[in-house]
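What follows is one structure encoded as structure tokens, with my remarks underneath.
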Amino acid sequence: RNDREIRMAHIRQHQELIAIAKQKQGEVSDEDMLALLKKMEVVDAQNQALLDQLVADCGWPTKDQFGPTAVFAAVMVSIHAQLPYKIKYFPMVEEGFKRGDVAPGEYARLVDKILIRQNKLQKYGTQLSETKMGERAIMPVEDPEHLNDRRQAIGMRLHDDFPMPSNWPSSTPKTPETIGQAKSAIPATK
């Protein structure tokens with residue numbers, strides 16, 4: 001609950017800062033953005049410590065043992081953590097996904113967040129970049145021509161909600177040079 005509450009407060013406060021900045025014909029300051037993020041980091045650290053203790057005492061939650069809310073909460077804590085924490089619990093999230101405990105979108109978000117933190121292209125197109133002024137677009141995606149195939153293969157809906165990333169096929173004319181650049185920019189992923 002506190003994870004959701006702090007993120008909803010972050011969104012509201014960010015929107016308020018954007019409105020003020022637009023009135024002043026400026027943009028949200030780095031200091032204001034950092035202050036918003038610090039509040040989330042405190043809650044995230046508390047949730048991670050709690051999850052670590054619960055996993056040590058009871059093991060990773062499953063739907064059969066603890067119900068879907070416990071599984072969802074554990075995955076959200078992992079998603080909102082720093083990279084080493086995400087990697088630590090990824091095998092358990094992946095097993096939960098294979099078992100049907102973890103929803104496809106939650107699994108895909110964790111995969112994409114790990115890839116992005118490793119400076120790789122995301123696989124499922126779940127991560128957006130957002131400017132200080134609230135403009136959003138999908139962050140670059142591996143093999144963008146097959147994004148919806150990958151999403152559909154794991155049970156996600158097709159992607160059509162946001163502006164496509166700069167490496168999206170329609171954003172760059174296809175020439176031999178751009179095709180070669182796109183292929184060399186896509187790192188191998190497991």
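The values are calculated or read from the model by the stated rules, or taken from the named source; none is laboratory data. Just so it is clear, the model here is predicted, and its values are computed rather than measured. Just so you know, the surface numbers come from the protein's heavy atoms only, side chains and all, with ligands and any DNA or RNA stripped out. Shrake-Rupley method; radii C 1.70, N 1.55, O 1.52, S 1.80 Å.
Side notes on the structure shown:
- Nearby aspartates and glutamates by direct alpha-carbon distance to residue 39 (threshold 17 angstrom, same-chain neighbours under 8 apart not counted): 3, 5, 16, 30, 31
- Fraction of accessible area attributable to carbon and sulfur, segment 49-99 (%, probe 1.4 Å): 63 percent
- Cα gyration tensor shape of segment 16-66, rounded if a/c is under 1.5, else prolate or oblate by comparing a/b with b/c: prolate
- Per residue solvent-accessible surface (Å²) - segment 12-142, probe of 1.4 Å: 55 Å²
- Exceeding the 32 Å Cα-Cα cut-off - candidates 24/86; 38/123; 22/113; 22/123; 38/88: 24/86; 22/123
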